[in-house]
Amino acid sequence: MVSPAVLLLGTFLAVPVVMALSVSFSDWRGVGSPFGSDVGFVGLENYRSILTGGTLAQRDFGTALRNNAYYVLLVVPLQTALALALAVLVHTRWLRGRGFFRTAFYFPSVTSSVAITVLWLFLFSSSGAVNEILGWVGINGPAWFNDPRGLLHLALGGVGVDQPPAALSENTALGISWWEWLAGPSVAMFALVLMAVFTTSGTFMLLFIAALNNIGEEIDEAGQMDGASSWQRFRHLTLPMLRPTLFTVLTLGLIGTWQVFDQIYTGTQGTPAKTTLTPAYLSFESAFNDQRWGQGAAIAFILFAIIVSLTLVQRWLLRSRT
Amino acid sequence: MRGVGRRRVVLLYGLLVLMAAIYILPFLIDVATSFKTEEEAAADPVSLLPGTFTTAAYERLFLRSDFPTWFANSVVVTLLVTAGRVLFDSLAGYALARIPFRGRTALFALLVAVMAVPNVVLLIPKFLVINQLSIYDSYPGLVVPLLADAAGIFIMKNFFESIPVSVEEQARIDGAGTLRIFWSVVLPMARPAVVTIVILSFQGSWNELSHFIVASQDPALFTLTKGVAQLASGALSQGSQYPLKLAAAAVMTIPVAVVFFVFQKRIMNASTGAVKE
């Protein structure tokens, strides 16, 4: 009875992973069978060309890693904080229209990432709705998806630092200079950050609401009796009890944000100036567009390793503090 | 609202209404713009009432583009995948919950491991298998790999474990076989879980993109997600074509929106598995 599902999952999940692992050690170019006799075993060559040597492949991977790291650093805290805030607000005991607010906040989560990306490209176009609204309050909005400037570079430029110190421009890591590592997310990437927060905060809000419902009101009422303010009650009573949910939300957020693909494929294809390139999209592009399958597979496995190790680190951090 | 300060009430409602407006407004702008002319969409991107109301974008979409093909493909794939997941997930979930067989624990561990593998790691692997099985660029290639999902099996297994065994034992005493018990006794009792699987599968496969990208390239096999993604990057267009693109985005949202509003309560309570990436 279990066998059809096992057969399906095994054929399309377990076996493929092993096959891809072997491709990542080969020089297969997409012609013929990847396991044919004309495909050479190249050992760790694909991994080496991504991680060392200063080649274009390495620079692209470094850039993608940097872009995605900033994306994660912004999206995960923002969506978690927003989801928690929305949950606490909606959970207020005497609130009416609770269902309406929950629905409004959750709806973006059920729509397809393709539809939302199309919408976002319009809202954040240079003459789009967002810039129009910014114009009402006298702000001249940027060209969003066409603007490759890094936010940290812009901030540094604002305090007069336009040229990198030699130490930053001369030293490189993964093929790109330290100065480039410190660029921050580009304006274009920031628009994608806002999109991610918009679409996922509702999902995580529901997880927090479920947890708040489980806590019940007695504890809060007891805190009220003791004269604690609502912020004190939240900070010292509610928040500690939300810890397991917080862990779930942070983990799911971390896993999800390291996999940005749909939005890049639909919206930017890595442009402008490769500042929205992500490892997931780079892996796809290397394999399917450039026919460098070994490299694409290698990128995917490095990404896998990153996700697994960050999840473990996060678990360890959150556990050791209790 | 005794005991709650008036200022606090105003503040909370004000904040929530503002947030709700930010969440809803983009969708209203989407629908409004899809009925505008291209010039107006560029000149006035915010207004919610088109100056000149036109259905040109929809006519173009439905009469002079491949959109109907994409829509039909999405419907076919979604229906098949949803039916398949209900069947295979519940069969597997039942077996894992009830039938003692060798390697059951190991199999369950494998299932959990599969759930942990990120989707993007599987793009190339999936293509390799689909290619190896010669189902690239075919409907089976679009559908079969999605027919069972680990998360769904997990949900069904948990549900079956919560049903008392006594009911099945009674049926067994009456002489029913395992498959018969499953089909006419257990499955009907599992209705809430089955509905959850239906909702999750429907949304999941309707919104799926990456699998369709790696499983096909033939334009006749495009689903909505893949077709509209091509449209977004400029396949059909000269100029920005925003009304057309936004009309496409609006239409592809309707089915999931309908399912969402029909099953709202249940989705809100069981959405743990529906986390979007």
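Details
- For the stretch B:21-166, the calculated P(r) over all alpha carbon pairs, in 10 Å bins from 0 to the bin holding the longest distance, is 9, 22, 23, 20, 17, 7, 2 percent.
- Span-like helix check, chain B: qualifying full DSSP H segments, with Cα axial length of 27 Å or more and mean Kyte-Doolittle of -1.0 or more, are B:6-34, B:67-98, B:242-262.
- In plain terms, the bigger the Kirkwood radius, the slower the diffusion; for the stretch B:106-233, with that radius from Cα pairs, at 10 °C and 1.306 mPa s, Stokes-Einstein puts D at 92 µm²/s.
- Normalised radius of gyration (Cα atoms, divided by 2.2 N^0.38 Å) for the stretch B:4-106: 1.94.
- Taking the square roots of five times each eigenvalue of the Cα gyration tensor of the protein assembly as shown, the equivalent ellipsoid has semi-axes of 36, 34, 27 Å, listed largest first.
- The loop-placed chymotrypsin sites (Phe, Trp or Tyr not before Pro) in the stretch B:7-94, going by DSSP, that have at most 14 neighbouring Cβ atoms within 10 Å of their Cβ come out as B:F53.
- To the nearest ten degrees, helix A:56-91 and the longest principal axis of the Cα atoms of chain A are 20 degrees apart.
- Between the residues B:F127, B:S233, B:A92, the greatest Cα displacement towards the positive end of the dipole of the stretch B:65-268, with unit charges on the Cβ of Lys, Arg, Asp and Glu, is found for B:A92.
- Under the Debye formula (equal points on every Cα, no solvent term), log10 I(q)/I(0) of chain B at q = 0.08 Å⁻¹: -0.48
- Reported value for the stretch B:134-206: 106 Å³ per residue, from the convex hull of its C-alpha atoms.
- For the stretch B:179-233, taking the reciprocal of the average inverse distance between every pair of different Cα atoms yields a Kirkwood hydrodynamic radius of 13.6 Å.
- Hydrodynamic radius (Kirkwood) for the stretch A:48-206, which is based on Cα pairs only, to one decimal in Å: 18.1 Å
- Shielding by partners, peptide B:16-27 (average Cβ within 10 angstrom, other chains): 6
- With Cα atoms as the point set, the radius of gyration and Dmax of the stretch A:5-110 evaluate to 23.4, 71 Å.
- Using Cβ point charges alone (K and R +1, D and E -1), the dipole size of chain A about the Cα centre works out to roughly 560 debye.
- Computed over the stretch A:197-322, the quotient of the alpha carbon radius of gyration and 2.2 N^0.38 Å is 1.48.
- Dipole orientation for the stretch A:215-277: of the candidates A:G216, A:L254, A:G227, A:L254 has the Cα lying most toward the positive pole (charges on Cβ; Lys, Arg +1; Asp, Glu -1).
- The orientation-averaged shadow of the Cα convex hull for the stretch B:64-114, equal to a quarter of the hull surface, comes to 4.6 nm².
- In this structure the amide hydrogen of A:S26, modeled in the peptide plane, comes within under 5 Å of the amide hydrogens of A:V42, none closer than 5 places in sequence on its chain.
- All-pairs Cα distance distribution in the stretch A:145-261, expressed in whole percent, bin size 5 Å: 2, 9, 12, 13, 12, 11, 11, 10, 9, 6, 4, 2, 0
- Ranked by the mean number of other Cβ atoms within 10 Å per residue, highest first, peptides A:278-290, A:148-160, B:181-193 order as A:278-290, B:181-193, A:148-160.
- Environment charge at A:S169 (Cβ cut-off 13 Å; Lys +1, Arg +1, Asp -1, Glu -1): -3
- Where only C-alpha atoms are counted, convex hull volume of chain A per residue in Å³: 212 Å³
- Chain A: most fluctuating residue of A:F198, A:F145, A:F247 per GNM, C-alpha cutoff 10 Å: A:F247
- The mean number of partner chain beta-carbon atoms within 10 angstrom of a residue's beta-carbon across peptide A:96-103 is 4.
- Evaluated over the Cα positions of the stretch A:109-182, the convex hull gives a direction-averaged projected area, one quarter of its surface, of 7.6 nm².
- Shielding value for B:35-45 is 2, the average number of Cβ atoms from other chains within 10 Å of each residue's Cβ.
- Relative contact order [Cα under 8 Å, 6+ residues apart], chain B, whole percent: 30 percent
- Mean projected area of the Cα convex hull of the stretch B:2-54, taken over all directions, amounts to 4.8 nm².
- Computed over the stretch B:2-54: relative contact order in percent, which uses C-alpha pairs under 8 Å that are six or more apart: 30 percent
- Taking the Kirkwood radius as Rh and the Cα radius of gyration as Rg, the stretch A:230-300 has a ratio of Rg/Rh equal to 1.29.
Bear in mind that the values in this text are calculations on the coordinates, not laboratory data. What you see is a predicted model; the values in this text were computed from it and never measured. Here Cβ is always computed from backbone atoms with ideal geometry, including for glycine, and neighbour counts include all displayed protein chains.
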